[in-house]
Amino acid sequence: GVGAARDGLVGLGVGTGQQWLDVAVMVGHPEWIEDPKLLLDRTALAPAIDEWIAGHSVEEVLDLASAFRIPNAPIADGANVTTFPHLRERGTFVANPRDGATNPGPPYRLGAAVLRPPGPAPCLGEHAVDEATDPLPAARRKAGPLPFDGLRVLDMTSYWAGPLVGSLLGMLGADVIHLESAKRPDGLRLVGGVPPTEDQWWERGPIFTALNTNKRSLTLDLGDPRGIELLHRVVATCDVVVENHTPRVLDQLGLTYEALQADRPDLIMVRMPGFGLDGPWRDLPAFAFVIEDAAGLTWLTGHEDLLPIEPYCVGDPNAGLHAMVGLLLALEHRDRTGEGGLVEAAMVDAALNITAEQVIEHSAYGALLQRTGNRGPMAAPQNLYLSADEDHKGRRDSWVAIAVETDAQWTVLGRALGDPDWATDPALATAAGRVAAHDAIDEHLQAWCDERSADAVVDQLWSAGVPVAKVVPPHHQPDLAQLQARGFFEEVDHPVAGRSRLSTLPFSLSRGPERVHTRPAPLLGEHNAELLGELGLTPDEIARLEVDGVIGRALVTDR
């Protein structure tokens, strides 16, 4: 979370067991390591950690955390983010070609041969008469039933941001090979609260099973020369390699783009480091929460009278989707020219592209955007309101969101409420008047919602034309009638984890397919024999590799 140092705000986080051990030592409480209760709940430690942070400067906290390899970042806002030495060294920000205001650069880097220089946004009507364009060369890839049929991808990723790229490709027809090792599996297998006492507990991680459908699993110990040799042979059969480790990991193994391109000259490699392939922060561990800290997402989340709150995990899928767009551009370039290439899709660059308004507002107008809770700049009233519903424990925790953007919506809201005296005040007829009286309006709306269920509030206001919705917990989303009607969730049966409903694609294709999850997430090393057999290895050779631990089908621990 976010802490207040002597001279500013800083974000720290623990994403692995080792990081928990290290942060306990760093803040001067090694005794925490011996307390088994803290393996499940560490909320009581917040005051002690906050006190430690408060005794240091931002620079001291960041330097110490980096030395311990604990995920960390300064809390960025529209004013300070352009001053960060790492981003300045990488040339992350550019001047807008039209007015000179500071903008983030593209969220992926593909080289001048692919990505044209930035141009100004068009003025209204500037291109009313379309200019003639040269016809595009015919695509080199053969068309199939699905967009990525025939595309083979080596997915050397872990956790969320990287596997999302392979997940999308797999749902759209690509042959995706998810590479792990029995000693170092995808960390997402181990996330989700499944205790090690469960049989095959590493196969039950709920997020792993959701992000890795349609993939085949290959395990290779890259600490063994035979594992490296087999990896190169696999790469030679692939169109695309995707990885999301810190740059030093593959660099130390000699698995740079140049080295892999020797295996496959037209290879496209997508690298997704947290902070990029160069710059002072290049080798810092980067989980989603510190990416949010460093890009301004954290700064605008929460209430103005409290410390900012990390959105927690927005940085991961956002990075995966931006990397996917970068890959699409590289594939299009290869289809036209036959040339592969390196796509650098840094997580922080992707996040900066969705927080761009902060830098632009400050650069162009000197305005530092601030946290406004559940309110926004375009509607008043806008907030979350507690309904009368109670959960199975008798607690009131059911909310509705109401947002009035126009004077007409305000009028129909008043009618839906029965035109109470407070709502007919002429001062509230304009947006400016409603913004000035927002607190008072919130009190009246909350009192009205206090007496009604969430469904009753939505039914009454929606039918009147007021923008309103229930706040739905994620685990209830598959039950929403609209999503059910669109088939957005599909039920998938995993051989160990069992049946679950998984989200699909955020768009529909007129040519199908009817189902996108054609097979469940793979078991660890499930396709070792199949994939190595495709390389020409005999059953005896594959068996020897398993005996020697180069490949494996069960988690290997140090215990």
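The values are calculated or read from the model by the stated rules, or taken from the named source; none is laboratory data. Bear in mind the structure is a predicted one, so any value in this text is a computation, not a measurement. Counting neighbours? That spans all protein chains shown, and the Cβs are built from the backbone with ideal geometry, glycine included. All accessible areas refer to the heavy atoms of the entire protein, side chains included, with ligands and DNA or RNA removed. Shrake-Rupley method; radii C 1.70, N 1.55, O 1.52, S 1.80 Å.
In sequence order, what are the phi-derived ³J(HN,Hα) couplings for the stretch 523-533 according to the Karplus relation 6.51 cos²θ - 1.76 cosθ + 1.60 with θ = phi - 60°, rounded to whole Hz, with x for glycine and proline?
Going residue by residue, I get 6, 4, x, 4, 10, 4, 4, 5, 6, 6, x Hz, with x marking Gly and Pro.
Would you please give the residues with an amide H less than 5 Å from that of Ala73, counting only those at least 5 places away or on a separate chain, with H modeled from the backbone geometry?
Close amide H contacts, sequence-distant or interchain: Gly11.
Need one number: nm distance between label points at Ala54 and His475, each 7 Å from Cα along Cα→Cβ, rounded to one decimal.
3.6
Taking the Cα centroid of the stretch 349-410 and of the stretch 422-440, what is the distance between the two, rounded to the nearest whole Å?
Answer, in whole Å: 18.
Restricting to DSSP H runs of at least four residues, report the calculated mean residue ellipticity at 222 nm for the chain, -39500 (n - 2.57) per run over all residues, nearest 500 deg cm²/dmol.
On the way: 20 runs with 182 residues, N = 559.
So the helix-based figure for the chain works out to -9000 deg cm²/dmol.
Ranked highest first by average number of other Cβ atoms within 10 Å, how do 463-475, 9-21 line up?
Taking the mean over residues of other Cβ atoms within 10 Å, the ranking is 9-21, 463-475.
Using packing as a proxy for protection, rank 276-289, 397-410 so that the peptide with the highest average count of other Cβ atoms within 10 Å comes first.
Most protected by this proxy first, the peptides run 276-289, 397-410.
State the volume of the convex hull built on the alpha-carbon positions of the stretch 309-348, expressed per residue in Å³ and rounded to an integer.
Values: hull volume 1.8 nm³, N = 40.
Once divided by residue count, the hull of the stretch 309-348 is 44 Å³.
Per residue of the stretch 161-169, in order, report the coupling 6.51 cos²θ - 1.76 cosθ + 1.60 (Karplus, θ = phi - 60°) as ³J(HN,Hα) in whole Hz, putting x for Gly and Pro.
With coefficients 6.51, -1.76 and 1.60, one gets 4, x, x, 4, 4, x, 4, 5, 4 Hz.
Go through the stretch 265-270 residue by residue and turn each phi into a ³J(HN,Hα) via Karplus (6.51, -1.76, 1.60, θ = phi - 60°); whole Hz please, and just put x for glycine and proline.
x, 9, 5, 9, 10, 9
With N residues in the stretch 401-479, what two-decimal value do you get for its Cα radius of gyration over 2.2 N^0.38 Å?
1.15
Within the chain, what whole-number % of the accessible surface is contributed by carbon and sulfur, with the 1.4 Å probe and all protein chains included in the calculation? The partial results should precede the final answer.
Details: 15220 of 27890 Å².
Carbon and sulfur: 55 percent of the exposed surface of the chain.
Kirkwood-based Rg over Rh for the chain (C-alpha set), two decimals? Please list the in-between numbers first.
On the way: Rg = 26.1 Å, Rh = 26.5 Å.
Rounded to two decimals, Rg over Rh is 0.98.
Return the distance in nm (one decimal) between the two label points of a simple spin-label model at Val435 and Asn96, each offset 7 Å from Cα along Cα→Cβ.
The modelled label-to-label distance comes out at 1.9 nm.
Could you work out how far apart the two model spin labels at Asp450 and His303 are, taking each label as a point 7 Å from the Cα in the direction of the beta carbon, and quote it in nm?
Computed distance between label sites Asp450 and His303 equals 1.7 nm.
Compute the Cα gyration tensor for the stretch 226-276, then decide on rounded, prolate or oblate, letting a ≥ b ≥ c be the square roots of its eigenvalues: rounded whenever a/c is under 1.5, prolate when a/b is larger than b/c in the other cases, and oblate in all that remain.
Because a/c hits 1.5 or more and a/b fails to exceed b/c, the stretch 226-276 counts as oblate.
Estimate the FRET efficiency between Ala364 and Tyr312 by the formula 1/(1 + (r/R0)^6), using the beta-carbon distance for r and 35 Å for R0, to the nearest 0.05.
With R0 = 35 Å, the Cβ-Cβ based efficiency is 0.70.
Put one equal scatterer on each alpha carbon of the stretch 1-41, apply the Debye formula with no solvent term, and list log10 I(q)/I(0) at q = 0.22 1/Å to two decimals.
-0.79
Near the amide H of Lys215, under 5 Å away, which other amide H atoms are found, from residues 5 or more places off or on another chain, if H is placed in the peptide plane?
none
Need the full-extension length gain, Thr82 to Thr406, defined as separation in residues times 0.36 nm minus the C-alpha distance. One decimal, nm. Intermediate results must be reported in sequence, preceding the final value.
On the way: separation 324, 0.36 × 324 = 116.64 nm, distance 3.53 nm.
So the extension gain works out to 113.1 nm.
Residues of the chain: accessible area per residue at 1.4 Å, in Å²? It would help to have the intermediate numbers written out before the result.
Working: 27890 Å² over 559 residues.
Per-residue value: 50 Å².
Take every Cα-Cα distance within the stretch 224-381, group them into 10 Å bins from 0 onward, and report for each bin the whole-number percent of pairs it holds.
Calculated over all Cα pairs of the stretch 224-381, the distribution is 10, 31, 29, 17, 10, 3, 0 percent.
Assuming R0 = 25 Å, can you tell me the calculated FRET efficiency for the pair Ser503 and Leu39, based on Cβ-Cβ distance, to the nearest 0.05?
0.25
Calculate I(q)/I(0) for the stretch 439-559 by the Debye formula, one identical point scatterer on each C-alpha and no solvent, and give its log10 at q = 0.10, 0.16, 0.19, 0.20 Å⁻¹ to two decimals.
The computed values of log10 I(q)/I(0) come out as -0.62, -0.97, -1.09, -1.13.
Once you sort the root eigenvalues of the Cα gyration tensor of the stretch 306-438 as a ≥ b ≥ c, which label holds: rounded (a/c under 1.5), prolate (a/b larger than b/c) or oblate (the other case)?
prolate
Counting Lys and Arg as +1 and Asp and Glu as -1, what is the net charge of the other residues whose Cβ lies under 12 Å from the Cβ of Tyr365?
-3
List the residues whose amide H sits under 5 Å from the amide H of Ser453, counting only those 5 or more places along or on another chain, with H placed 1.01 Å from N in the peptide plane.
Ala388
What is the Å³ per residue value for the convex hull set by the Cα atoms of the stretch 136-241?
Spelled out: Cα convex hull of the stretch 136-241, divided by residues, is 110 Å³.
How much length is gained on full extension from Gln460 to Glu390, taking 0.36 nm per residue of separation minus their Cα-Cα distance?
That works out to 23.2 nm of additional length.
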